[in-house]
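Please read the structure below before turning to the comments.
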Amino acid sequence: VTWGNLVLFVKRFTDSFLEPTSIKCQITDNTAESHSLFIDAFTRRRLYLAIKEMVNNTVKYADATLIEIVFDYKDNVLHVSVSDNGKGFDLEHMQGGNGVSTIKKVIQDIPKSKVEVISNHQGTRYKIEIAK
């Protein structure tokens, strides 16, 4: 599986999943020269599942009108950013059930990876890095 395949899978999912909603999705792919880069099945599956959960959470909880997904590859590190313009949530006092801990666990299972979650009244942003 290649990096380009993952970008395509995410685009197909978001197009289909968001169709019955009023939420728009903007995908920016800055990885054209890296589309043939091999990504192992475990990493691809984990990353795809995490992105699906992020989009699902946005639809269910965020009251957002826009989701932005950015794919990048720099210095042998895969970068994925998923953000929305929703109402955000308080990371300090959140109760279980919104999937953030699941997302973190799924990403952290990938070797040489990290995930950061930023949320405030202007929306939520997940920043994922996976070193190759």
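The values are calculated or read from the model by the stated rules, or taken from the named source; none is laboratory data. The structure presented is a predicted model; accordingly, all values stated were derived computationally and were not measured. Please note: Cβ atoms are built from the backbone with ideal geometry, for glycine as well, and neighbour counts cover all protein chains shown. The accessibility values were calculated without ligands, DNA or RNA, using every heavy atom of the protein model including side chains. Shrake-Rupley method; radii C 1.70, N 1.55, O 1.52, S 1.80 Å.
Points worth noting:
- Restricting region 5-26 to residues that are surrounded by 12 or more Cβ atoms within 10 Å (Cβ to Cβ) and farther than 25 Å from Asp109 by Cα, the residue that is farthest from the chain's Cα centre (by Cα): Thr21
- Pick from region 5-18, criterion out of contact with any strand residue (DSSP E or B) (no Cβ under 6 Å at 6 or more places or on another chain) and in contact (Cβ under 8 Å) with a residue 40 or more places away in the chain, ranking: nearest to Tyr61 (Cα to Cα): Phe17
- Qualifying residue in region 73-82 (condition: in a loop (DSSP other than H, G, I, E, B) and touching a residue at least 12 places away in the same chain (Cβ under 8 Å)): yes
- Within region 19-47, the set of residues being touching a Phe, Trp or Tyr at 6+ places or on another chain (Cβ under 6 Å) and in contact (Cβ under 8 Å) with a residue 40 or more places away in the chain comprises Asp29, Thr31, Leu37.
- Qualifying residue in region 85-99 (condition: in contact (Cβ under 8 Å) with a residue 40 or more places away in the chain and either of a type in the set (A, V, I, L, M) or in a helix (DSSP H, G or I) (or both)): no
- Residues satisfying the stated conditions in region 52-72, i.e. aliphatic (A, V, I, L, M) and assigned to a helix (DSSP H, G or I): Met54, Val55, Val59, Ala62
- Among residues that are modelled with pLDDT under 95 and part of a helix (DSSP H, G or I), Leu49 is not included.
- Set Phe89, Phe42: member being farther than 22 Å from Leu18 by Cβ, open to solvent by 20 Å² or more (accessible area, probe 1.4 Å) and either over 14 Å from the mean Cα position of the chain (by Cα) or modelled with pLDDT under 95 (or both): Phe42
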